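J.: Pasting a structure below so you can have a look.
The values are calculated or read from the model by the stated rules, or taken from the named source; none is laboratory data. Predicted model only: the values in this text are computed from it and were never measured. All Cβ positions, even for glycine, are placed from backbone atoms using ideal geometry, and neighbour counts span all protein chains on display.
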Amino acid sequence: MDEGQQLKPQSTGDPIGLKPGEVFWNNYRVINIVGRGGVSTVYKAENVQNKEIVAIKVLHTQKVRDEELVRRFVREAQNTMQLEEPHVVKIIEWGIDKLERPFMIMEFLSGETLSKRIERSRGLSFHKAVDIMEQVCSAIAEAHGKGIIHRDLKPENIMLTTAAGREDFVKVFDFGIAKKEPKDENEEGQVALTKSGAILGTPQYMSPEQLRGKKADARSDIYALGIIMYEMITGRPPFYSKNTAEIVVGHLNVVPDSPSRVRIDMGIPEQLSDAILRALSKNPWERPTTVQEFRQSLQRAIERSAPSPVMQETPMPQAISRQSIPQSSVMPTQMQGDPVRRVCPNCKTLNTGANFRYCLKCGQDNMNRWLPYKEKRVGKDPTDFASSFLNIRILILALLLLVIFQGYQFIIKPVNLSGNYRATFDHQLFANNKDLSDSLAKKLCFDKAEVVLSQDEDQLEGVISTKFGQGALKGTVTVVDPLIVVYEGTCTIKRPEGRLDLEIKGSFNKLLRTELWRLSANFFGKQKTAVDTVRMELE
C-alpha cells in the first residue's frame, strides 16, 4: 500500500500476476508492483475514470485452493469495510476475478510504517508516542464496538502518513486474522473461522492467553497496544530475542522493566510507565477493560506530567531571632550558664545555635522546658548501665527474630524453574549400545541438551533441544512436603529414523538448596530399540 515500503520480492510470487498497463476489473490501470509477499501481491493502480491512485491487493493464483487463506483474505476485506473510522485503511471494493483470485481495492497510502519510524528514531518522545497511540485507539475502539478483535496489532500494521495537512496521521490495516465476536448463539457458528485453541499472530506482540491457545478478546488487543506503546518510547519491545521460546516465556512469566528505567534519557513520566505496565498485566482482569480506558490513562499521565502553572510565591517564614521572641522565653533560668547549648527533653538531643524554641531534630516546642547542658559528668549513673544492657538484649532478640523470619520465608517461598538451562549428563546416552549404526549413534549419543522451562503453579511446560531434534516438554510440579519439590515431565521427539521418548524426574531440597535430576531415554527405531538412564545437571 505504501510505495516507499516495498516488500522484498520472493520466488513464491504469482507467475500470472497483473502486468503494468493492464486494466483490471474494467476500471483500474496497473502502474507497478508495490510489494510482493508469500501469499499476495500489492499493485499501485489508477482509476481510469477519476484518475484516483489506489492499491490493489491480489491473492496469488497458486494459493486460491488454500481455503483458510481465502477465508482470511475475504474476512480482512469484510471486516475492514465495516469500519468508518478515518484511522482505518479504506477498502473501496473487493471481489473475486475470473481466475478465482480474491482481491481488494483500497486507498493508496504514502508514508512509512511505525516499525520503520521506531527503528529510524530509536524511540519516540512520549508526547509523540501518546499522540500516535490515541489515533490507534480510535481505530481499534470502533472495531471493538462492532465486535471485531484485531489479534495481530503490531508496528508493521500501523502506517504513518499525511492527511488533511496533518503529519503522522495513523492508518491501521491488516485485519486478516481478526475475529468477530458473535452477538448471539445463532451467529456463533457463522463467524468461527478458526479452530478452537489455534494460535494466530506474532509472538512478540501476543498476550499470554493467546499464547496458551485460549480465547482472545478486547483485552488481548489492549495487551498488544501496551507492547507497541512500550516499544515506541523505549525503542524496543519488552521481550525480544532470536529464540521464540524465550519470548513466549517472557510473556507468560516475566514482569517487564519499567519504561522510565529502560530509557532514563527520555524523561518518561512514572505515571505513563504505570499505565503501560498495567496494560501488560499477565492477568487480563488486571488490564484496562476497554481501549477508551487505556487511552484515558495515557492522557491523564501526560496531563499530570505537564509543568504546572507558575505558582504564586509564598512568603517564607522569617528566621526566628532573639528580638522576635519574648525575653522571658529566650533563655530559661536554668540555662543562664550556657546560652548556646541545651538539651531537648523529648529526644535528649544537644541543640546549638540561634534557635531557642524548637528542637532541631524532633521539632518539639521546648519553650521554657529546655534541659541544661552538662559539660562534664562525674561518675556513671547506675541507670545508664541497666538501660544499655536492656537495649542490647532487645537488639539481640530482634536480630534473632529477623533471622528466624527470613529463614522461614526462604523455606516456604515457592520455587519457580522458568528460564533457559543447559543440561549436562554424566555420560553419553546409549554409549554402551553397540547395535546402533554409526550414523544413528552420532545423533543419539549426546551428553548435552538445551532446556527451556516455563512453570505455572503446578504445571510445567517447555522445550528440549538435542542433537536428535527438538520436542515439547509437559509435566507437573508436586510439593511432597514443605522442604521437597518434585518435578516430572515427558518429551517425545519424532524423526524419520525413529521416536525418542525422554522422561525427566527431579527433586529440589529448599533447606539444603540441592537438586537431583535423572533422565530416562527410550529409542524406538524401525529395527533397533535402545534404553538408557543418566544423571543430569541443569545450569
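J.: Quick check: is even one residue across the range 521-536 in the same structural domain as F430 (by TED's automatic domain parsing), on the phi > 0 side of the Ramachandran plot and in a strand (DSSP E or B)?
T.: no
J.: Being surrounded by fewer than 21 Cβ atoms within 10 Å (Cβ to Cβ) and outside any loop (DSSP other than H, G, I, E, B) is the filter here, so list the residues in the range 429-451 that pass it.
T.: Hits for the range 429-451 are D438, S439, L440, A441, K442, K443, K448, E450.
J.: Spot the failing condition for E187; the list is (1) in a loop (DSSP other than H, G, I, E, B); (2) modelled with pLDDT under 90, and only one is missed.
T.: All conditions are met except number (1).
J.: Among the listed residues E246, E167, identify the single one that is over 28 Å from V58 (Cα atoms), surrounded by 15 or more Cβ atoms within 10 Å (Cβ to Cβ) and at pLDDT 65 or above.
T.: The match here is E246.
J.: While we're looking at this one, here's another question. Within the range 53-65, can one find any residue that is free of Cβ contacts under 8 Å to residues at least 12 places away in the same chain and outside any helix (DSSP H, G or I)?
T.: The answer is yes; a qualifying residue exists.
J.: Would you please name the residue that is farthest from K214 (Cα to Cα), looking only at residues in the range 233-247 that are part of a helix (DSSP H, G or I) and under 13 Å from the mean Cα position of the chain (by Cα)?
T.: Only one residue tops the list, namely T234.
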